[in-house]
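Visitor: Quick one: the structure is below, and I'll ask about it shortly.
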Amino acid sequence: MQLESELRVRAPPCRARRDPCIQPYEGDARRVHRAAPAPAPTPTPRALATQRVASETLAYEFTYPVEAESGKPISWAVSRERDTYSSAEPMSPNARQRIVYELLSFKGPLTTVVTVSNTPPALEARDKSEWTAREVANAVLSDKATGRVASGQRVSLAEVDNAKKQVMENGDTHYYYEYISQGSPNLREPEATTFRHSYGVTVERGGYLYTLSSSAPEIYWDELSRGFDDSVKSFRLTKPTRKYREPGNEGLGISLPFQ
C-alpha cells in the first residue's frame, strides 16, 4: 500500500491534463492534424446538340441527339413518318403496335423509333395505377418481338435491365426502361451473335401506349447512352389541337372551314 501511495505521489502532474509534457513533433500523426484536400468538383457535362420532332396529328414531341459524346456528328435520316395510327406499318402480325416515326443512322445502325399500340392484354385487365415500369416494358417489348413459345404465346427477346415509373407535372405517368436485345451482324461486329442496347419510355393516353425507343449496337453505347437518355426524358404527349387524330377513332381527317 505504501509503494502504491508513493507511485501515486511521484506520478507526473501532467498526466492529469491532456499530455502537455509530450511535445508534438513532425510526423506524429497523433499530434499533428492536417486538413485533407477538398475533392475537385465534378465537371458538368456539356450539352449535346439536338433536333426536335413534333407531331400535331398524334400530339407528341421529343428531341434526339445529333452528336455523340466525343462530339462526332450523327447523321440521321427519316425513314418513316405517319400522321395516323391506322396508316402506320405494324411491327408484328397482330398489327397492334405500329411505327409512326422512325429515324435511322446507317453507321451502326442506330435507330430512334416512335410506336403507338393499343393496350396489350397483359396490362388491359388491370387498372393502370397498378402497372409497374417493368411490366409495361415487358408488355411493349413482347408486342415487338417475333419469338413464340410452343403454346403460340409471343415472348420478348429483350432483357429489361432497369425500369422506373415517374409521374410528370402534367399528371402523365412515364415508364422508363433500359434493355438489351439480340442484334444482327454488322460491319463492326460480323459475328453471328451481337447485342443492341436501348433506352425506352412509354406513356398511356386513351387506351393507347405511345413509346419512344433509341437503340445502338453495344459497342457504341458509351458514346451514345447520354444522348439517348436525354432523348427519352424529353418525350412528351402534348395537348391535342384540332389537328389531332385519335388512334382508333381517326375518321376521314377532313378539316372543314367552319371548324
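Visitor: I need the full set of residues from region 210-246 which are closer than 21 Å to Asn170 by Cα and either assigned to a helix (DSSP H, G or I) or open to solvent by less than 30 Å² (accessible area, probe 1.4 Å) (or both), in order please.
Guide: Passing the criteria: Tyr210, Thr211, Leu212, Asp229, Asp230, Ser231, Val232, Lys233, Ser234, Phe235, Leu237.
Visitor: Taking the options Ser105, Ser75, Ser92, name whichever one is open to solvent by 30 Å² or more (accessible area, probe 1.4 Å), over 20 Å from Thr238 (Cα atoms) and not acidic (Asp, Glu).
Guide: Exactly one of Ser105, Ser75, Ser92 is open to solvent by 30 Å² or more (accessible area, probe 1.4 Å), over 20 Å from Thr238 (Cα atoms) and not acidic (Asp, Glu), namely Ser75.
Visitor: Still on this structure, I have one more. Of the residues that make up region 141-153, is at least one over 22 Å from Arg236 (Cβ atoms), open to solvent by 20 Å² or more (accessible area, probe 1.4 Å) and modelled with pLDDT of 90 or more?
Guide: no
Visitor: Same structure again: List every residue pair whose Cβ atoms sit under 8 Å apart, with the two residues 6 or more apart in sequence or on different chains, where the first one lies in region 220-246 and is among the acidic types (Asp, Glu) and the second, anywhere, is open to solvent by 50 Å² or more (accessible area, probe 1.4 Å).
Guide: That search, which allows pairs on different chains as well, returns Asp222/Glu69; Glu223/Glu69; Glu223/Ser70; Glu223/Lys72; Asp230/Thr50; Glu246/Gly206; Glu246/Pro240.
The values are calculated or read from the model by the stated rules, or taken from the named source; none is laboratory data. Because the structure is predicted, anything quoted here is derived from the model rather than measured. Positions of Cβ are backbone-derived with ideal geometry, glycine not excepted, and every protein chain shown enters the neighbour counts. Heads up: the accessible areas ignore ligands, DNA and RNA and are worked out on the full protein's heavy atoms, side chains in. Shrake-Rupley method; radii C 1.70, N 1.55, O 1.52, S 1.80 Å.
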